[in-house]
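The values are calculated or read from the model by the stated rules, or taken from the named source; none is laboratory data. All values derive from a computational prediction rather than experimental measurement. We place every Cβ from the backbone using ideal geometry, glycine too, and count neighbours over all the protein chains shown. Remember, those area values only see protein heavy atoms, side chains included, never the ligands or the DNA or RNA. Shrake-Rupley method; radii C 1.70, N 1.55, O 1.52, S 1.80 Å.
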Amino acid sequence: MLGKLIIAGTVGALFGAAVVATAAPELSLRGGRFKPPTYAELSPDQKTYVDKEIAAGRTPGAGGPFNIYLRSPEMAELSRPLTEYLRFKSPMPRKLKEIAIMLTARFWGGQYVWYSHRAYAIEAGLSPAFIDAMAVGRRPDPMTADEAAVFDFFTQLLSVRQVSDATFKTLADRIGERAIVELVALMGHYHGTTALFAVDRYPLPDGAREQIERPM
């Protein structure tokens, strides 16, 4: 009887190990200097973070900063709510957010952020011609009053690290002081993200072309 129990326990342990092994997710991450790990190579805190993301329906994929953020799961987890608020929940038109994001990407020469946000910007209501003008450092024409106020504010802020009273007043009159604070915070997030992509030397996907003619 004891022998049967030992055999059953051994078989059960082997079966359980096989289930765990087959359950390990395929991460399929992309990176440059930050080598993409397999699930088996993750530290316990990294596995906890990945498991939470998968449980929430956010399966890690090849695109985006997930591989970079794995180096600091605590930072990634703490920053997510703020990032989601600024990108998707703060009460202003998405196309205005995309102008700020793409000007920040161009400031860095951030080809991947530009590439990945081009589709978001078009979906949000910016025309391809508008985006192409920004890519080569030209002021888009035509623009709505709100678009022009955001474009002029962030172009000036990124160029001279300050905005004039007139530029501030124009944007505040159009979208309000709350929106200014949230757009500048969103810009700050993409400074960090684009800088991390630069440090990583993050590769563009196969077939993607560099679109920024020159950084700011």
Check: Restricting the search to the range 109-139, which residues are closer than 18 Å to residue 63 by Cβ and open to solvent by 50 Å² or more (accessible area, probe 1.4 Å)?
Finding: 115, 119, 120, 122, 123
Next item on the list: Determine the pairs where a residue that is over 14 Å from residue 101 (Cβ atoms), located within the range 129-158, has a partner that is of a type in the set (Lys, Arg) with Cβ atoms under 7 Å apart, the partner being 6 or more residues away or on another chain.
Entry: 133/139; 137/214; 145/174; 146/174; 149/174
Next item on the list: Within the range 57-70, identify whether any single residue is more than 23 Å from residue 34 (Cβ to Cβ), assigned to a loop (DSSP other than H, G, I, E, B) and without any contact (Cβ under 8 Å) to a residue 40 or more places away in the chain, and answer yes or no.
Entry: yes
Check: How about the range 174-216: which of its residues are small (Gly, Ala, Ser), out of contact with any Leu (no Cβ under 7 Å at 6 or more places or on another chain) and in contact (Cβ under 8 Å) with a residue 12 or more places away in the chain?
Finding: 179, 195, 198, 208
Check: For residue 164, are the conditions met, namely being open to solvent by 40 Å² or more (accessible area, probe 1.4 Å), out of contact with any Lys or Arg (no Cβ under 8 Å at 6 or more places or on another chain) and touching a residue at least 12 places away in the same chain (Cβ under 8 Å)?
Finding: no
Next item on the list: Sort out which residues of the range 120-163 are small (Gly, Ala, Ser) and assigned to a helix (DSSP H, G or I), and write them in order of number.
Entry: 121, 124, 129, 133, 135, 145, 148, 149, 159
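Is there a residue in the range 107-115 that is within 23 Å of residue 201 (Cβ to Cβ), in contact with an Asp or Glu (Cβ under 6 Å, 6 or more places away or on another chain) and touching a residue at least 40 places away in the same chain (Cβ under 8 Å)?
Filtering the range 107-115 for residues within 23 Å of residue 201 (Cβ to Cβ) gives 107-115.
Next, from what is left, pick out any that are in contact with an Asp or Glu (Cβ under 6 Å, 6 or more places away or on another chain): 111.
The next check asks that each one be touching a residue at least 40 places away in the same chain (Cβ under 8 Å); those that pass are 111.
Within the range 107-115, one or more residues are within 23 Å of residue 201 (Cβ to Cβ), in contact with an Asp or Glu (Cβ under 6 Å, 6 or more places away or on another chain) and touching a residue at least 40 places away in the same chain (Cβ under 8 Å).
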